[in-house]
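The structure appears right after this line, and notes come after that.
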Amino acid sequence: MKKGLLILTAIVLTAFGLLTIFLSSSVIFDWFGIREKEGNYVLFVVWSNFISSIIYLIAAYGIIKLKKWSTWLLGISVLILTAAFIGLKIHISNGGIYEPKTVNAMIFRIVLTITFTAASYFIIINQKTIKQ
């Protein structure tokens, strides 16, 4: 059961990381005309998502290898996303243009990353205990 949870977490984290890296890099580098379709995106939010996507992929590998640093990496991602969200709120309050869906997307991403962080922590702690 625990090994299944470990593999499932790593697969979902990898899939989410790959999807995020594709979407954010498509906006940053204007691939496939996605930048235009995104409307009033906020570039620092897109960059924070891009950086987090790389962290997700590295952390997924760390989870498979039962490395404690994967939990730390995901925690750093939570901090990056939270800082970007605060920056987004400041941007909005100063009259900056944005897409309303960005606020909900950021909340979803922060909650999901916190969930991945907690899952990583409990999976690695439980696996280390079982191996000893």
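Key figures
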item	result
Cα-based shape type of segment 34-94, given that a ≥ b ≥ c are square roots of the gyration tensor eigenvalues and the cut on a/c is 1.5	oblate
Relative counts (whole %) of C-alpha pair distances in segment 1-45, using bins that are 5 Å wide	5, 21, 20, 17, 11, 9, 8, 7, 3
Rg/Rh for the chain, where both radii come from Cα atoms and Rh is the Kirkwood radius	1.04
Gyration tensor verdict on segment 62-132 (Cα atoms; rounded if a/c is under 1.5, prolate if a/b is larger than b/c, oblate otherwise)	prolate
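Only the coordinates and a few stated rules stand behind these numbers; no lab work does. Predicted model, so just to flag it, every value in this text is computed and none were measured.
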